[in-house]
Amino acid sequence: MFNTLPASALEFADWSWAQIQPYYTDLQNRPLTADTVNAWLADWTGLEQRLQEAVTRMSIATTLDTTDTAAVTRYHTFLQNIVEPAQVTENALREKLLASGLKPDGFEIPLRNMHNEAELFCEANIPLSTQEQKLSNEYQAVIGAQSVQWEGEEKTLAQLKPLFQSDDRALRERVWRAISERHLADRPRLNELWQQFMSLRKQQATNAGFGDFRSYRWRQFARFDYSPADCETFHAAIEKVVVPAATRVYERQKKLLGVDSLRPWDLDRDDTYPPSRPPLKPFTNVQDLIDKTGVILHQVDPELGAYYDIMKAEGLLDLENRKGKAPGGYQSSLGFVKRPFIFMNAVGIHDDVRTLLHEAGHAFHWFEASRLPYFQQWNYGAEIAEVASMSMELLAAPYLSEKHGGFYSESEAAQARIGHLEHILLFWPYMSVVDAFQHWVYTHHDQATDPANCDAKWGELWGRFLPALDWNGLEDARVTGWHRKLHIFEIPFYYVDYGLAQMGALQVWRNALSDRPAAIRQYREGLSLGGTRTLPDLFAATGAKFAFDAQTLGGLVDLIESTIRSLKPA
Ligand SMILES: [Zn+2]
């Protein structure tokens with residue numbers, strides 16, 4: 001009967017639950033044996049692909065035009081009428097597969113994850129996670145409402161950010177203080193929200209039978225391949241080999257600015273990155289961004305370049321900033337046509353070039369992994385996903401100059417590359433503050449429920465990992481940095497993933513420095529395994545070691561620093 005399913009996700013999107021349900025019922029009723037399991041999985045995949053693509057396309061539509069209320073209604077109606085009942089049935093199908101005891105090829109890891117989900121399932125936690133989602137929305141509302149009066153006009157904090165690229169230090173300090181004052185005005189409200197988050201999280205862990213939220217969260221993320229102790233090893237390695245290198249970056253920044261100490265208004269994102277001076281202007285129209293990125297990607301690898309050409313030809317890139325578009329950038333995977341889609345808000349800055357290369361890496365991952373036969377195999381974790389994207393930023397970097405058909409003069413390209421490599425060095429210490437803070441929070445529940453103790457811990461960690469920055473006299477702003485990290489409020493423990501992925505990406509890049517075709521071959525091989533292997537195996541397949549230690553990290557830091565020395569900036 002499955003050959004009567006619609007031939008496109010668009011058509012499927014118009015189906016009612018009454019039309020769809022018989023297919024699920026058929027899967028539920030069919031006998032499952034070693035002989036039938038492959039056809040059963042293939043049929044389930046056919047159904048899931050259409051459902052997944054329909055819902056993804058509807059979700060994309062809501063971001064392309066946020067004023068399109070019909071698109072929002074359509075999306076929400078589909079979630080409610082189709083996706084919710086489908087989820088209940090899919091849970092039953094998962095249980096059917098687990099109960100069969102069958103182990104289809106390439107299903108070892110998907111089965112492990114299914115077992116995990118079944119074990120974690122706890123009815124009492126469903127309303128709690130809805131409450132948690134509401135708290136997240138409140139957090140977003142508090143942050144989203146932050147604006148300041150600047151020269152007689154109300155400005156959002158994002159609108160003021162470009163001023164940090166000004167040469168006028170007194171101006172930068174004024175902007176920074178205005179923003180900081182606005183942040184601190186929300187301190188009591190954010191502390192209150194924090195306490196609500198803490199008690200909800202503790203309750204969820206208890207309901208699911210865990211002693212603390214950290215061990216519960218670990219299982220929720222299916223982190224079977226590394227432990228909290230590995231994260232602590234990673235923090236210590238970063239303190240030992242990255243912090244001194246980051247301090248050297250800050251020393252160079254001080255010289256560049258001609259200042260005695262680096263104050264927060266000499267930095268940009270997260271109060272840790274120096275902004276690029278002068279700002280790079282890679283393109284003025286988005287077609288240029290699209291075309292030149294294509295030229296660059298073809299030089300990284302002709303076949304990856306060909307994937308990108310498909311996206312271009314099929315209209316799968318929506319990159320220009322327009323009124324009504326949702327903010328930010330993302331890559332989405334269309335399950336039925338097996339194509340990626342990239343959404344951005346490009347305005348002509350270097351960050352747009354970096355973001356497109358990053359999202360292209362995610363897109364290539366999907367091209368490769370979606371060749372696997374069953375949808376359960378297409379689920380890969382954030383750690384390997386970010387290896388795919390961060391590697392592409394590094395692999396493409398040598399082709400950014402006009403000489404290679406890219407965007408910049410030689411010296412501008414060098415400036416862009418130095419900035420990128422310095423950001424990598426500065427990210428790890430900041431990541432360690434964010435991650436170590438959360439390890440402490442969720443293993444010291446009672447203490448961490450008091451925001452004053454959180455402030456003290458954040459301040460202590462900031463001193464440990466970012467000692468080169470001068471926050472003298474700005475103590476309140478310094479210790480409340482955790483208020484400004486949305487991951488801490490909304491997606492606890494999701495952050496170390498980026499740090500681990502960067503380790504993998506740098507190794508892929510290092511391989512490419514000695515033999516690019518071989519390195520790209522391995523990279524693609526690793527991505528093509530989707531979620532069918534453990535994390536150490538996936539890393540190994542891309543040519544990288546899944547590691548936390550100071551020795552591996554130190555080798556990568558040396559490579560970054562020697563590359564920075566070899567580049568001549570503007
Ligand atoms: Zn990413």
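The values are calculated or read from the model by the stated rules, or taken from the named source; none is laboratory data. Keep in mind that what you see is a predicted model, and the values were worked out from it rather than measured. Neighbour counts run over all protein chains shown; Cβ positions are idealised from the backbone, glycine included. Protein only, heavy atoms only, side chains kept; ligands, DNA and RNA dropped before computing areas. Shrake-Rupley method; radii C 1.70, N 1.55, O 1.52, S 1.80 Å.
What the table below lists for this structure:
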read-out	value
Every residue from region 320-329 that is within 16 Å of the ligand (Cβ to nearest atom) and in contact with a helix residue (DSSP H, G or I) (Cβ under 7 Å, 6 or more places away or on another chain)	GLY329
Tally, over region 455-470, of residues that are free of Cβ contacts under 8 Å to residues at least 12 places away in the same chain and crowded, with 22+ Cβ neighbours inside 10 Å	0
Unmet requirement for LEU190, which otherwise passes all of (1) touching a Ser or Thr at 6+ places or on another chain (Cβ under 9 Å); (2) closer than 23 Å to PRO492 by Cα; (3) open to solvent by 60 Å² or more (accessible area, probe 1.4 Å)	(3)
Any hit, region 353-368, residues being open to solvent by 30 Å² or more (accessible area, probe 1.4 Å), assigned by TED's automatic domain parsing to the domain that holds GLU303, away from the ligand (no atom under 16 Å from the Cβ) and not hydroxyl-bearing (Ser, Thr, Tyr)	no
Residues of region 147-160 classified as surrounded by 15 or more Cβ atoms within 10 Å (Cβ to Cβ) and within 31 Å of the chain's Cα centre (by Cα), total	5
Helices (runs of 4 or more DSSP H) contained entirely in region 197-281, each with at least 2 residues that are open to solvent by less than 50 Å² (accessible area, probe 1.4 Å), touching a Phe, Trp or Tyr at 6+ places or on another chain (Cβ under 7 Å) and more than 28 Å from VAL557 (Cβ to Cβ)	213-220
Candidate set from region 370-387 (those that are among the small types (Gly, Ala, Ser) and within 15 Å of the ligand (Cβ to nearest atom)); member that is farthest from PRO274 (Cα to Cα)	GLY381
All positions within region 282-323 that are assigned to a loop (DSSP other than H, G, I, E, B) and open to solvent by 20 Å² or more (accessible area, probe 1.4 Å)	THR284, ASN285, ASP301, GLU314, GLY315, ASN321, ARG322, LYS323
Top-ranked residue in region 371-396 [being in a helix (DSSP H, G or I) and among the aromatic types (Phe, Trp, Tyr); ranked as nearest to LYS545 (Cα to Cα)]	TRP378
Count - residues of region 338-352 that are buried (at least 16 other Cβ atoms within 10 Å of the Cβ), farther than 19 Å from LEU400 by Cβ and away from the ligand (no atom under 13 Å from the Cβ)	3
Restricting region 1-24 to residues that are hydroxyl-bearing (Ser, Thr, Tyr) and free of Cβ contacts under 8 Å to residues at least 60 places away in the same chain, the residue that is most open to solvent (accessible area, probe 1.4 Å)	THR4
Selection count where residues are open to solvent by 40 Å² or more (accessible area, probe 1.4 Å) and aliphatic (A, V, I, L, M), scope region 169-187	3
Top-ranked residue of region 398-414 - restricted to ones that are crowded, with 21+ Cβ neighbours inside 10 Å and not aromatic (Phe, Trp, Tyr), ranked as nearest to the chain's Cα centre (by Cα)	LEU400
Of all residues making up region 9-33, the number that are within 21 Å of GLN80 (Cα to Cα) and either in a loop (DSSP other than H, G, I, E, B) or polar (S, T, N, Q) (or both)	7
Neighbours by Cβ (under 6 Å, 6+ apart or cross-chain): first from region 353-370, touching a residue at least 40 places away in the same chain (Cβ under 8 Å) and assigned to a helix (DSSP H, G or I); second near the ligand (Cβ under 9 Å from one of its atoms) and not acidic (Asp, Glu)	ALA363/GLN331; HIS365/ALA388
Condition broken by PHE427, with the remaining ones in (1) under 23 Å from GLY526 (Cα atoms); (2) within 16 Å of the ligand (Cβ to nearest atom); (3) open to solvent by 10 Å² or more (accessible area, probe 1.4 Å); (4) in a helix (DSSP H, G or I) satisfied	(1)
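Conditions (1) open to solvent by less than 10 Å² (accessible area, probe 1.4 Å); (2) assigned to a helix (DSSP H, G or I), marked per residue:
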| site | (1), (2) |
| --- | --- |
| HIS420 | no, yes |
| SER432 | yes, yes |
| ALA436 | no, yes |
| TRP440 | no, yes |
| ASN453 | no, yes |
| GLY473 | no, no |
| HIS487 | no, yes |
| TYR494 | no, no |
